[in-house]
Amino acid sequence: MLVGFAEKVGRITAYPAADAYGPAGEIAMLASNESPFPPLPGVMEAIAEAAPDGNRYPAPSADRLRAALTARFDVAPERIAIGAGSCDLLLSAAEALLDPGTELVHAWPTFAIYPRMAAATGARAVAVPLDADDRHDLDAMADAVTDATRLVVVCNPNNPTGTFLPLAAIERLARRLPPHVWLLVDEAYREFAAGEDADASVALVRRHRNVVLLRTFSKAYGLAGMRCGYALCGDERFAEALYRVWQPFSCSVVAQAAASAALEQPAELARRIELTVAARLELEERLATLGLEVRRSHANFVWHSLGGADEAAVVDGLAERKVLVRRGSALGRSGWLRTTVGTAVENGRYLTALGELLPPQRD
Ligand SMILES: *Cc1c(COP(=O)(O)O)cnc(C)c1O
């Protein structure tokens, strides 16, 4: 029997899933930038409280969560879209914005979902290399915009390089873009970035109709398994378009309850972010003493070279020692690794294993 698939299935590369999913504990899960902390206080209770409503569909407009986000960010509810994780919103944005013949501009290396947005819709992905310091080259990205461009995506801080651009640089890009182009800023790791207040970028959606900020409960808020993300939109028509194309009820009853409860824990959230940032700095320092090139990260992971050692051998050796990380070759640069900041024990195991696997340093 001849079976057929849509043409796009041939164009889309499979999402580079981590090597193992299963109960954490023995395995150090440092491959997917999840939080090593359990859900924030009150979140599990909120999930249990929502569970009896499991026979009902969730509120399609996620009213309670949108109201909480409006209170938090002072962005009108019509300008907020909520999805089952921010990847859900990215794929909806692709469907809502991109037609064959249109273009999407993104950096490279960056989050692999962006080129997939083009592959899924028949649009053309224009990949602009990062600069010498692994930051987005925003001028080159603006130069890559044509009449066919619908969307420019900036990942800030960038996954996998951890690099970060200040608000002023992003705003300069927003001003440079012609009015037919949307600027989507993926801030999945924004809470971990040093310097500016993490909420400062929200001013962009008040000042520029074509800017959309994408945020998630999967990383700092530690709810990756719940699937909840949101978009703060400069123009309510963007949120409306997303709601038109997506599958109704994408964010579940329990995910909405969990996210709403998590928003009520800013102090504990801040404490955890501080612990993660401190652990990241220590990890970066120790990796540098192994003689490796380390990018200064603004996220909950580190991006570092292997100093010329064989990537596959190191990754296999780490897996044998039950430490899972992301290989750079799957993320756009072989010979580098992206490693999530885990618990102190996990980070220690990672460093010990790397020390065993890398050739001794010459000095
Ligand atoms: C992890 C991540 C996300 C979040 O995805 P969810 O679907 O919200 O879990 C979004 N963007 C980037 C760059 C990420 O690394």
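Before moving on, here are some points about what is shown:
- Net charge dipole size for the range 20-107 [Lys, Arg +1 and Asp, Glu -1 on Cβ; Debye, nearest 20]: 200 debye
- Approximate spin-label separation Ala270-Ile12, in nm, with each point projected 7 Å along Cα-to-Cβ: 4.1 nm
- Extension gain from Arg207 to His180, taking 0.36 nm per residue of separation minus the Cα-Cα distance: 8.1 nm
- Here the range 259-363 is assigned +1 on the Cβ of each Lys and Arg and -1 on the Cβ of each Asp and Glu. Its dipole about the Cα centre then comes out at about 160 debye.
- log10 of Debye I(q)/I(0), alpha-carbon scatterers only, for the range 261-350 at 0.19, 0.22, 0.23 Å⁻¹: -0.88, -1.10, -1.17
- Accessible-area composition of the range 276-341, carbon plus sulfur, in percent [1.4 Å probe]: 47 percent
- Toward the positive end of the charge dipole of the range 223-363, with +1 on the Cβ of Lys and Arg and -1 on the Cβ of Asp and Glu, the farthest Cα among Leu275, Trp246, Cys233 is that of Trp246.
- The simple spin-label model puts a point 7 Å past each Cα toward its Cβ; for Glu26 and Asp133 those points are separated by 4.5 nm.
- Packing-based ranking of 120-130, 102-112 yields 102-112, 120-130, ordered from highest to lowest mean Cβ neighbour count within 10 Å.
- Overall form of the range 40-156 per C-alpha gyration tensor (a/c, 1.5; a/b vs b/c): prolate
- Charged-residue dipole, Cβ positions (Lys, Arg, Asp, Glu), the chain about Cα centre, Debye nearest 20: 440 debye
- Accessible-area composition of the range 88-227, carbon plus sulfur, in percent [1.4 Å probe]: 51 percent
- For the chain, the Rg and Dmax computed from alpha carbons only, in angstrom: 20.4, 66
- Computed FRET value (nearest 0.05) for Phe5 with Arg237, which takes r as the C-beta separation and R₀ as 35 Å: 0.60
- Cα gyration tensor of the range 177-229 - equivalent ellipsoid semi-axes, whole Å, descending: 23, 14, 8
- Förster radius 35 Å - calculated FRET efficiency between Asp199 and Glu293 (Cβ-Cβ, nearest 0.05): 0.60
- Relative contact order (percent, whole number), the chain, Cα cutoff 8 Å, 6+ residue spacing: 24 percent
- The range 309-334-the range 146-161 distance, computed between alpha-carbon centres (Å): 27 Å
- The range 50-129, accessible area per residue, ligands and nucleic acids excluded (1.4 Å, Å²): 42 Å²
- Pairwise centroid distance, computed over Cα atoms, of the range 72-117 with the range 290-304, Å: 27 Å
- Listed residue (Ala76, Ile47, Ser61) projecting farthest to the positive dipole end of the range 34-82, Cβ model: Ala76
- Cα gyration tensor category, rounded, prolate or oblate, for the range 185-304 with a/c compared to 1.5: prolate
- Candidates per GluC sites (Glu not before Pro) in the range 247-330, loop by DSSP, up to 16 other Cβ within 10 Å: Glu264, Glu293
The values are calculated or read from the model by the stated rules, or taken from the named source; none is laboratory data. As the structure is a prediction and not an experimental result, all values here were calculated from the model. For neighbour counting, all protein chains shown are included, and Cβ atoms are generated from backbone atoms with ideal geometry for every residue, glycine included. Areas reflect the complete protein model, heavy atoms only, side chains present, ligands, DNA and RNA absent. Shrake-Rupley method; radii C 1.70, N 1.55, O 1.52, S 1.80 Å.
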